[in-house]
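Here the structure is laid out as structure tokens; the discussion comes afterwards.
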Number of protein chains: 2
Amino acid sequence: MAHFTHHSEENYLKTLFKLETRQDKKVNNTALAKALNLNPATVLEMVRKLTERKLLQLRPDKSIRLTETGKKKALLTIRKHRLWEVFLVEKMNYKWNEVHELAEQLEHIESDDLVDRLDKFLGNPSFDPHGDPIPDKNGKTKPNLSVPLSDCIAGKNYTVINLIDTSDAFLQFLGKLNILPGIKIKLLEKLEYDNSFSVEVQKKTVQFSEKVAKNILVQAI
Amino acid sequence: MAHFTHHSEENYLKTLFKLETRQDKKVNNTALAKALNLNPATVLEMVRKLTERKLLQLRPDKSIRLTETGKKKALLTIRKHRLWEVFLVEKMNYKWNEVHELAEQLEHIESDDLVDRLDKFLGNPSFDPHGDPIPDKNGKTKPNLSVPLSDCIAGKNYTVINLIDTSDAFLQFLGKLNILPGIKIKLLEKLEYDNSFSVEVQKKTVQFSEKVAKNILVQAI
DNA sequence: TATATTTATTTGGTGTACCAAATTTTTATT
DNA sequence: AATAAAAATTTGGTACACCAAATAAATATA
């Protein structure tokens, strides 16, 4: 009855989009196959189909590129994924590191209207719980102006946007300090003698190393 | 990557469950195929697979029956479907007649945990927007005792449970009479000469047609 | 440049879930 | 019981999305 064409199609487009934007080298079949965790033969076959459908191009130099249509579709899938992540964290009380797999399922629900309603229900968020920007219905995103806390200026206030290291160990460590994306902090001091950081979090002062500060992305308030 | 086995499996079990409970005759392959809108050959093949997996039985008399395991699975799918329907109506502001297709998609999201959280988020509803009972996580349902007001007995007290017609026009009409789900009413009289109804709502007496009464579901107090 | 290595591509296959059409079996009707 | 009708079943197919292994082509290295 139902066809899941869109499911794998969306995965290909989304993955390709991520590879295109997060690396600057051209994406080849091997890279895409690795990212999708699929056999290169499978991927090549699918890439050809998607090329036929004008969602991407398999170029003469064998690099793979999204077309404008493909890019738009990819962004809409990313939009769905990130909105569902917000839903799972804000409404279902999941932790931000628990929601990826579920959002991976939910993103394939077919209804543009539902996505728009969800967007509204969540208060039109611009960033997901990981701090990644949520494209609007036209695929436009607000630039993420976050920088590592290690590059910030003492005395100023920031919102924690995002973490670079997302290992459980790091999350647990930050958890103890009450630091997580969305929280507001004040950088009190950079301590010269050991390069450590002194930060105010929820009226309390905490200390941590530069290594930690490098892994926390913040945005000035 | 993902397997959709569960998807069609859930559809077969759910549909069979509905056929088993809503009719009293035995379910045969033709009936199931018709209900699923699939070819009998397809259904027979699948029924055999599901019989192997001990989710249902293809009996010597060729009737098809859920096993206990199958019934439980069916009820959990129905639970998911109805909870998502509540979500769509209560949170996404869909009308109850718009949500079936979307819930059909959402019910296949695989996560028991999410379903339980959704249940809690929605306030552990016992009935979906159509008035159908929502099984709990063990598959147990509360019997739905609501009936159309048109079938009720004059002189008794009722709680309005639910509306069948939920068009704006109808809601507005009822609004003027102060009738909405949750409110207590007393059926004063069924007036023979024009089949109209006389009802006490919040100490006032109101009159309306049988058409209206048919669209109000109530439960005896 | 010759060779090794990596990448791309082809070939022949799988499982799932579906179908139409032909055949067999069962049930109903005369 | 004979026949008609309905239901069950078999047969031979399809599309989709995947794979492993073989081969070809491109790239890198000695």
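Rounded to the nearest 20, the size of the Cβ-charge dipole of segment B:22-97 about its Cα centre is 160 debye, with Lys and Arg at +1 and Asp and Glu at -1. Close amide H partners of B:Thr141, meaning residues 5 or more places away or on another chain with modelled amide H under 5 Å apart, are B:Asp136.
Scaled against the 2.2 N^0.38 Å expected of a compact globular protein of N residues, the Cα radius of gyration of chain B reads 1.20.
In segment A:84-221, taking the dipole from charged Cβ atoms about the Cα centre, the farthest positive-side position among A:Leu171, A:Val99, A:Ile109 is held by A:Leu171.
Shape index of the protein assembly as shown: Rg/Rh, with Rg the Cα radius of gyration and Rh the Kirkwood radius from the inverse mean 1/r over Cα pairs, equals 1.07. With a threshold of 18 Å on the Cα-Cα distance, the over-threshold entries among A:Lys120/B:Lys80; A:Lys95/B:Lys140; B:Lys18/B:Lys71 are A:Lys120/B:Lys80; A:Lys95/B:Lys140.
Taking amide H atoms as placed 1.01 Å from N in the peptide plane, the amide H of B:Ile164 lies under 5 Å from those of B:Ile216, B:Leu217, each 5 or more residues away in sequence or on another chain. B:Asp151 label point (Cα plus 7 Å toward Cβ) to equivalent points in the other copies: 6.8 nm, shortest first. With bins 10 Å wide beginning at 0, the percent of Cα pairs of segment B:1-91 falling in each bin runs 16, 49, 26, 8, 1. Centroid-to-centroid, using Cα positions, segment B:146-162 and segment B:31-102 are 31 Å apart. Mind telling me which of B:Asn39, B:Asn97, B:Asn162 comes out most flexible in a GNM of chain B, alpha-carbon contacts under 10 Å? Most flexible of the set in this elastic network: B:Asn39. Restriction of the GluC sites (Glu not before Pro) in segment B:128-221 to DSSP coil positions whose beta-carbon has at most 15 other beta-carbons within 10 angstrom yields B:Glu192.
Averaging the Cα positions of each part gives two centres, and for segment A:174-221 and segment A:111-135 these lie 28 Å apart.
Derived scalar couplings between HN and Hα for segment B:213-221 equal 4, 5, 9, 10, 9, 10, 10, 5, 9 Hz in order, rounded to whole Hz, by the Karplus curve 6.51 cos²θ - 1.76 cosθ + 1.60 (θ = phi - 60°), x for Gly and Pro.
Taking Cα atoms only, the orientation of helix B:68-90 departs from the longest principal axis of chain B by about 40 degrees. Size descriptors for segment A:107-221, from the alpha-carbon set: Rg then Dmax equal 16.4, 56 Å.
Normalised by the number of residues in chain A, what is the relative contact order in percent for Cα pairs under 8 Å and 6+ residues apart? Once divided by the residue count of chain A, the mean separation gives 15 percent. Output, in nm with one decimal and in ascending order, the distances from the A:Asp165 label point to the matching label points of the other copies (7 Å from Cα along Cα-to-Cβ). Nearest to farthest, the other copies are at 6.5 nm. In plain terms, chain B is cut at each of the trypsin sites (Lys or Arg not before Pro) found in a DSSP loop with at most 16 other Cβ atoms within 10 Å, and the longest leftover piece is B:157-202. Please check which bits of segment B:146-162 a label hung off B:Lys184 would reach, taking the label as a point 7 Å along Cα-to-C-beta and the cut-off as backbone N under 15 Å. What the label zone holds, given the 15 Å backbone N cut-off, is B:156-161. The label-point distance for A:Arg59 and A:Thr205, in a model that sets each label 7 Å from Cα toward Cβ, rounds to 5.5 nm. Mean residue ellipticity, 222 nm, helices only, chain A: the sum of -39500 (n - 2.57) across DSSP H runs of n ≥ 4, divided by residue count and rounded to 500, is -13000 deg cm²/dmol.
For the peptide A:89-97, the mean number of other protein chain Cβ atoms found within 10 angstrom of a residue's Cβ is 2. For chain A, the longest principal axis of the C-alpha atoms and the axis of helix A:5-22 are separated by about 50°. The residue among B:Tyr193, A:Gln57, A:Val201 whose Cα reaches farthest toward the positive pole of the charge dipole of the protein assembly as shown, with charges on the beta-carbon of Lys, Arg, Asp and Glu, is A:Gln57.
What the phi angles of segment A:36-50 give under the Karplus curve with 6.51, -1.76 and 1.60, with θ = phi - 60°, is a coupling list of 8, 6, 10, 5, x, 5, 4, 5, 4, 4, 5, 4, 5, 4, 5 Hz, glycine and proline written as x.
Note on segment B:62-112: the C-alpha convex hull projects to 4.6 nm² when averaged across all orientations.
Here B:Gln202 yields copy-to-copy label distances, from shortest upward, of 4.3 nm, the label point defined as 7 Å from Cα along Cα to C-beta.
Net charge dipole, the protein assembly as shown: roughly 300 debye, given to the nearest 20, about the Cα centre with Cβ charges of +1 for Lys and Arg and -1 for Asp and Glu. Taking θ as phi - 60° and the Karplus parameters 6.51, -1.76 and 1.60, the scalar couplings of segment B:145-162 work out to 9, 6, 9, x, 4, 4, 9, 8, 9, 4, x, 9, 9, 9, 9, 6, 9, 5 Hz in sequence order, x denoting glycine and proline.
Quick note: the coordinates plus some simple rules give every number you see, no bench work behind them. Since this is a predicted model, take the numbers as computed values, not measurements. Heads up, the Cβs are rebuilt from the backbone with ideal geometry, glycines too, and the neighbour counts pull from every protein chain shown.
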